[in-house]
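In what follows, a single structure is set out as structure tokens and then discussed.
FYI, it's all coordinate maths here, none of it is from the lab. Source: prediction; values computed, not measured. We place every Cβ from the backbone using ideal geometry, glycine too, and count neighbours over all the protein chains shown.
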Amino acid sequence: MKHLLMTTTATLALVLAAPVFAVGAHDAGHDKAGDHGADHMAMMVGQPGTAQDVDRTIEVAMRETDDGRMIFEPAMFDIEPGETIRFAVENRGELEHEFAIDTMARNVEHKAMMAEMDMEHDDPNSVRLDPGASGEVIWTFANEGAFEVACLIPGHYESGMHGPITVGHGMPHSDGATQVSLTYSTGTVKKIDAKAGKVTVIHGPLANLDMPAMTMVFRADETVLAKLAEGQEIEFVADRVKGKLTITAVK
């Protein structure tokens, strides 16, 4: 009888202890997820800044225009590497708008996701505002490169609500635009529209713009277009010129 009582007591102790181990494992999983979230915040465009580290404030207005476009004012931003910027954002339009900073490639991905389901971001690199509302994004730009501010609400990007963010000193073009680095990419010319000053290229990754391989339409001047032919394999430099993707040089 004594032996049976001891056995029963030991079994009961093991049963009671089991949930403790299960809870312990569950907590460990959350800790791991938390670490992953912290790693996610180390983005290519930089990381969240703090109010005490702000170097300067840039006031940004979001609105619609009389001709149906949607814009940021200012439309482009030049920032020094390591600067912490407070973007003081105000929605002066009649529609809801978003201010989101990221790489062009990530904006393309997020825009496609939001086209399927309109999701409201709750990330430190963005703020979404109702008409008449204001907010801020405090961001530290740790890396040099070409980045982008965009409104990813369906239809807004296509209406012109995006613009370049240039971090670091670049080489000025004759028209005053900035080229972060002279980086050649490879591609094949698919179509040329000389009248419109456009060329469609099936290209590999655009390293200087942080864009993946795809088929895109670029702007190009007469000098560049004269060097191209449909089906031609080329090495070229792509950059943002006055907010438009443009081929600026061809080998």
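Of the cross-linked pairs Lys198/Lys227; Lys198/Lys244; Lys111/Lys198, those separated by over 18 Å at the C-alpha level are Lys111/Lys198.
For region 178-250, rounded, prolate or oblate, judged on the Cα gyration tensor with a ≥ b ≥ c (square roots of eigenvalues), a/c < 1.5 rounded, else prolate if a/b > b/c? Oblate, because a/c is 1.5 or more while a/b does not exceed b/c.
Rounded to the nearest whole Hz, the Karplus-based 3J(HN,Hα) values (6.51 cos²θ - 1.76 cosθ + 1.60, θ = phi - 60°) of region 66-74 follow the sequence 5, 8, x, 7, 10, 9, 9, 10, x, with x at glycine and proline.
Residue by residue, region 124-129 carries 3J(HN,Hα) couplings of x, 8, 8, 8, 10, 10 Hz when phi is fed to the Karplus relation 6.51 cos²θ - 1.76 cosθ + 1.60 (θ = phi - 60°); x denotes Gly or Pro. Label sites at Val217 and Glu116, each approximated as a point 7 angstrom past Cα along Cα to Cβ, lie 2.6 nm apart.
The simple Förster model, with R0 at 51 Å and r as the Cβ-Cβ distance, assigns Ile58 and Glu230 a FRET efficiency of 0.75.
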